[in-house]
Number of protein chains: 2
Amino acid sequence: MSPFFLSLMLSAAAAPPHPAEAYARAHQGQIVRELVEALSIPDVAADRPNIRRKAEFLRGRFAARGFEVEILETAGNPLVFARMGAADASRTLLLYAHYDGQPVDPSGWKQESPFKPILRNGKMDDGAQEISGLGALDRYEDDWRIYGRSASDDTSPIIAILAAIDAMKATKTMPTWNIKVILDGEEEAGSPSLVPAISLYRDKLAADLMLILDGPIHPTLRPTLVFGARGIVTAAITVYGPKMGLHSGHYGNWVPNPGMRLAQLLASMKDEDGRVKVAGYYDGITFSEEDRKALASVPDDEAALIQLFSIGSVDKVGASLQEALQYPSLNVRGLSSSYVGALARTIIPDSATAAIDLRLVKESAARDIEAKLLKHIESQGYFVVQERDATEAERLSHRRTVRVDFSGETNAYRTDPGDPNAVKLTRALRNAFGVDPIRIRTSGGTVPIAPFIDALGFPAVSVPTVNFDNNQHGENENVRLGHFFRSVGIIAAAMQIEN
Amino acid sequence: MSPFFLSLMLSAAAAPPHPAEAYARAHQGQIVRELVEALSIPDVAADRPNIRRKAEFLRGRFAARGFEVEILETAGNPLVFARMGAADASRTLLLYAHYDGQPVDPSGWKQESPFKPILRNGKMDDGAQEISGLGALDRYEDDWRIYGRSASDDTSPIIAILAAIDAMKATKTMPTWNIKVILDGEEEAGSPSLVPAISLYRDKLAADLMLILDGPIHPTLRPTLVFGARGIVTAAITVYGPKMGLHSGHYGNWVPNPGMRLAQLLASMKDEDGRVKVAGYYDGITFSEEDRKALASVPDDEAALIQLFSIGSVDKVGASLQEALQYPSLNVRGLSSSYVGALARTIIPDSATAAIDLRLVKESAARDIEAKLLKHIESQGYFVVQERDATEAERLSHRRTVRVDFSGETNAYRTDPGDPNAVKLTRALRNAFGVDPIRIRTSGGTVPIAPFIDALGFPAVSVPTVNFDNNQHGENENVRLGHFFRSVGIIAAAMQIEN
């Protein structure tokens, strides 16, 4: 933690905790145990038997708190739907979270299994050691972390809802609005069943404001509201080489190399400073004075991030991290061609593939960005086939041939911070914590929820709570327990929004 | 086979076969059986118990032909050394081959194991089917192929030596020179023990001319002599990203992507037509009129290769394939960064690696080319560390940091075609086959033998015999049996070089 953040964080921590957070800290043994139980169920969306086990587990836990709970069937994984009425409430708050986790490659995890959570006395990268007794202890330090898939993304917010309800019952400060909870079992697979579920369950899902409980709170631990999220398209770009791998000696210098051609194609897409060179990529993006003020008010400590990530320079898409996130991105998330390392062989490979993700903003719809990228690839001399392999005749008759597969199209969303219910939420957090929440115009990550928000027809705001250095989407995902306990207070405060 | 080659090949096949080839065809059941036995022993250089089994197997087979055989121990895998004196011989021919094969990834093979050879009634890519009875049949068609690791590279030439000796004994036309055979067990690992073996075994290895039995004969099946071979350096180039994989949404557009930077670095190394842009890479390369004539006399059918490989264009390093091979190359043999496909995750990876091979020619020594490549990488704004990971302090204090690991340095060699013993060899093949052998100035592939040739101090010429479409170094390596039978005649003819 940088001195800058540390001072802000200490001042946040110095304030007396929210009563619900105080309750969570007093009952931490039981709350952590419930989280550990949830994390012990494998929850990759494709693992349908286990994901259903997790849905049933959560159904039971919500029911135990007095929620009326249903498993809503879809063509994919089930949704868990829970509701609890509030006396005299005229409005309804819909809490969204997801109970699936990212796919795992267990070989990269420094523990027996991503689904056997372990406790460390700090951050693994800083040399923290495993502590035994996870789930059986009564006291946990704030800096301790639980390592396991979906620890942060997105199981701990679900357990925090349960703890918030327990706390509110204990402190006799029940939610002011009717509460509904919808738990998605396919978020990391793009939430394919969410929009179709609306036509089946529209009345159940009706509400006045949706809170999306996902993502990291600002490093200062100041309550954070996020009014938009970038969308995403993923693309696989495969450049063809010779039909079969060829001896690099016998044909190198004569048969074109697909890895080199892929490199040249990728290099054509971005300049040295990370700005996308695809024509029209940034079209329509402008900022009002107020936008710029809001972006500048986010207390990011970029120097600390640079130090944390050990990077020697940053891309220059925007003047700051917050500004950079208001633009669509083009990220090479994976490269593959034949082998590197011990299995490398001296061949001209038959193909080379880049896995790309394009993060979208409100101004860049998925289909638009796809069309612009395709046009760019064609401008580099390529014949493009989509969603299928090129035939030999096509490969022979074009100087360069590439296969492009787009998938996972999810548009960005952005809610107006001036929406009356959004203003009430902002006020609820300010009143509870004595400080303006940090307001993020568009967060960088994607919640595959833009079409869901559109179709539901009421505004949505994210309330992120977990630590930002949680290795989300990578190996050794973790949640810091101080953040987890604090999240109980934040979620409870949001549920006390003025009626 | 193109009409062009087919006509040349038929005319080659129409001539009466060499007596040793005729013998091989008459005894094909036994000869193929011996090849199958040899291919059934796993022979990756790193698999030391099995490679020794193969050495012992070969020791026995050469001894059975009356060779005096020894296993020459080295710091690595053993060399198999065999010799057989010739009456009235004043000169000695040293035959070199290697008994190890390339590393394998069994998942890419269309058979139970690369070390359980199978027979197909043609080329697998053309839809040929497996035929049972491999090793137990008496007759095999010329177009049938044996699929298995090292079938072509380089076990079949070894078995062809044995068959040639059998044939010469049966036809009472024994070798005119003393024959020595040296079989390398680490060629695919760079032959690290070959030069050190000279100091231990110099007298044993003394000879007047070395024949290197490795690589593919010209597609016309015309006897082929190769006077040089490109050398090689392999390099692993790893561009660093953030210290840990980061969520591509939260940081994409701000934290630089190592895959994109690697792509930009690779793209800086070559132009659109495959010419290397590294300064000085082609220094010193010139061709005499005679060189150009010799290069032009090689009857390559480039159109047929283009068709075979399904490529829509070729690189423009030289005016022809033969000319291209007289230049050093820069081949991206592998790319890796995080994942593509089902395991792909939306992260900014922590690194991206390219595995490169640089093929060398006589004018480009390994250390020179390495220095030029490093200088080029630095010119692209990189801080370079070699043979170790960069520290966090280094990554923080330089805009871009890259790790480079060079290995496998083997220089090129080129023998003067006017050397008197090389001239005798050329004449022996012309006399035996009634046609000028095809003479290759420098072949594209590497035999890690340049320093061995230098240290031995006598000239070396390659006599390649296997089919060029053998998937050498890839999956589903194979040897065409027509080529195998013909190789027996070619090797016998070479052993009847004038005294």
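Each value in this text was obtained by applying a stated rule to the coordinates, not by laboratory testing. Predicted model only: the values in this text are computed from it and were never measured. Note: ideal-geometry Cβ built from the backbone for every residue, glycine included; neighbour counts use all protein chains shown.
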Handout entry: Peptide B:318-324, shielding by other chains (average Cβ, 10 Å cutoff)
Key = 2
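In peptide B:354-362, what is the residue-averaged number of other protein chain Cβ atoms found within 10 Å of each Cβ?
Details: counts 6, 10, 6, 8, 2, 6, 0, 0, 0.
Per residue, the average neighbour count from other chains is 4.
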Problem - Expected 222 nm ellipticity per residue - DSSP helices of 4 or more, -39500 (n - 2.57), all of chain B, to 500 - result: -10000 deg cm²/dmol
Exercise for the section: Let me know the Kirkwood hydrodynamic radius for the stretch B:364-426, please, with Cα pairs as the basis and the value in Å to one decimal. Expected result: 14.8 Å
Completion exercise
What the Cα atoms of the stretch B:253-314 span along the principal axes, largest first and in whole Å, is 56, 33, 12
Practice task
Find, among the trypsin sites (Lys or Arg not before Pro) in the stretch B:56-88, those assigned to loop by DSSP (not H, G, I, E, B) with at most 14 other beta-carbon atoms within 10 angstrom.
Solution key: none
Practice task
Nearest 5 is fine: what % of DSSP beta bridges in chain B come out antiparallel, could you say?
Solution key: 65 percent
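Helix by helix, which DSSP H runs in chain A go 15 Å or more along their axis at the Cα atoms and have an average Kyte-Doolittle hydropathy of -0.5 or more?
Values: long enough: A:3-14 (16 Å, 1.76); A:28-39 (16 Å, 0.28); A:48-64 (24 Å, -0.95); A:156-171 (22 Å, 1.39); A:366-379 (20 Å, -0.47); A:420-433 (20 Å, -0.16); A:481-494 (20 Å, 1.34).
Once both thresholds are applied, what remains is A:3-14, A:28-39, A:156-171, A:366-379, A:420-433, A:481-494.
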Exercise for the section: Could you check the simple spin-label distance between A:S199 and A:E363, using points 7 Å along Cα→Cβ, in nm with one decimal? Expected result: 3.5 nm
Handout entry: At R0 = 25 Å, FRET efficiency that the Cβ-Cβ distance of A:D436 and A:K316 yields, to 0.05
Key = 0.25
Problem - Computed label-point distance, nm, for sites A:T171 and A:V423 using a 7 Å Cα→Cβ extension - result: 2.7 nm
Exercise for the section: Using only the alpha-carbon atoms of the stretch B:103-239, report the extent along each of the three principal axes, biggest first, to the nearest angstrom. Expected result: 62, 48, 28
Problem - For the stretch B:387-460 and the stretch B:305-347, distance of Cα centres in Å - result: 20 Å
Practice task
Just list whichever of A:K54/A:K116; A:K277/A:K375; A:K243/B:K316; A:K270/A:K316; B:K54/B:K204 have alpha carbons separated by over 18 Å in the model shown.
Solution key: A:K243/B:K316; B:K54/B:K204
Practice task
With no solvent and one equal point scatterer per Cα, compute the Debye intensity ratio I(q)/I(0) for the stretch A:263-393 at 0.13, 0.14, 0.16, 0.20 Å⁻¹ and report its log10, rounded to two decimals.
Solution key: -0.73, -0.82, -1.00, -1.30
Practice task
Hey, for a label at B:E387 modelled as a point 7 Å past Cα toward Cβ, could you say which residues of the stretch B:400-433 have their backbone N under 13 Å away?
Solution key: B:404-409
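Which net charge results for the neighbourhood of B:A263, defined as the other residues with beta-carbon distances under 11 angstrom from its beta-carbon, given Lys and Arg at +1 and Asp and Glu at -1?
Values: positive: A:R261, A:K270, B:R261; negative: none.
Combined, the nearby Lys, Arg, Asp and Glu give +3.
On full extension of the chain, what length is gained from B:R399 through B:A206, given 0.36 nm per residue of separation minus the C-alpha to C-alpha distance?
Working: separation 193, 0.36 × 193 = 69.48 nm, distance 5.49 nm.
Length gained, B:R399 through B:A206: 64.0 nm.
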Handout entry: Distance histogram in 5 Å bins (all Cα pairs of the stretch A:407-481, percent per bin)
Key = 3, 12, 18, 20, 19, 16, 9, 2, 0
Exercise for the section: For chain A, state what percent of all Cα-Cα pairs lands in each successive 20 Å bin, counting from 0 Å until the bin that includes the largest distance. Expected result: 22, 53, 22, 3, 0
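Based on DSSP, what percent of beta bridges with both residues in the protein assembly as shown are antiparallel, to the nearest 5? Mind showing how you got there, number by number?
Values: 97 of 147 bridges.
Just about 65 percent of them are antiparallel.
Taking 8 Å as the Cα distance limit and 6 or more residues as the minimum spacing, I'd like the relative contact order of chain A as a percentage.
Working: 1040 pairs, mean separation 128.0, N = 499.
Relative contact order here is 26 percent.
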Practice task
Kindly give the semi-axes, whole Å and largest first, of the ellipsoid equivalent to the stretch B:130-196, taking each as the square root of 5 times a Cα gyration tensor eigenvalue.
Solution key: 26, 23, 7
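Under 9 Å from the Cβ of B:R275, count the other residues' Cβ atoms, weight Lys and Arg +1, Asp and Glu -1, and hand me the total.
Numbers: positive: B:K270, B:K277, B:K316; negative: B:D271, B:E272, B:D273, B:D315.
Charge balance near B:R275 sits at -1.
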Practice task
For the stretch B:353-382 and the stretch B:145-224, compute the distance between their C-alpha centroids and round to whole Å.
Solution key: 32 Å
Handout entry: the stretch B:441-452 - phi-based ³J(HN,Hα) in whole Hz, Karplus 6.51/-1.76/1.60, Gly and Pro as x
Key = 5, 9, 7, x, x, 10, 10, x, 10, 4, x, 5
Practice task
Would you mind listing how long the stretch B:11-110 runs along its three principal axes, going by Cα atoms, in whole Å with the largest first?
Solution key: 42, 40, 22
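Using a Förster distance of 56 angstrom, determine the FRET efficiency expected from the C-beta separation of A:N499 and A:D105, and round it to 0.05.
Numbers: r = 47 Å, r/R0 = 0.85.
Working from the Cβ atoms, E equals 0.75.
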Handout entry: Backbone N under 12 Å from the A:R91 label point (7 Å along Cα→Cβ), restricted to the stretch A:398-442
Key = A:419-429
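For the stretch A:442-497, what is the Kirkwood estimate of the hydrodynamic radius, computed as the reciprocal of the mean inverse distance between distinct Cα atoms, to one decimal in Å?
On the way: mean 1/r = 0.0741 Å⁻¹.
After inverting the pairwise mean of 1/r, the radius is 13.5 Å.
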Completion exercise
Highest mean packing first, using Cβ neighbours within 10 angstrom, the peptides A:204-216, B:37-49 sort as A:204-216, B:37-49
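Hey, got the average number of other protein chain Cβ atoms within 10 angstrom for residues in B:265-277?
Values: counts 2, 9, 9, 3, 3, 6, 1, 7, 1, 8, 1, 1, 0.
Partner-chain Cβ atoms within 10 Å, mean over residues of B:265-277: 4.
Normalised by the number of residues in the stretch B:1-160, what is the relative contact order in percent for Cα pairs under 8 Å and 6+ residues apart? List each step's numbers first, then the result.
On the way: 192 pairs, mean separation 41.7, N = 160.
Relative contact order, the stretch B:1-160: 26 percent.
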Exercise for the section: In nm, give the distance between the simple-model label positions of A:A46 and A:S113, each being 7 Å from the Cα along the Cα-to-Cβ direction. Expected result: 1.8 nm
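Would you mind ranking B:L79, B:L481, B:L325 so that the residue whose beta carbon has the fewest other beta carbons within 10 Å leads the list?
Values: B:L79 26, B:L481 23, B:L325 29.
Taking fewest neighbouring Cβ atoms as first place, the list is B:L481, B:L79, B:L325.
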Handout entry: Calculated Rg and Dmax of the protein assembly as shown using C-alpha coordinates, Å
Key = 34.1, 117
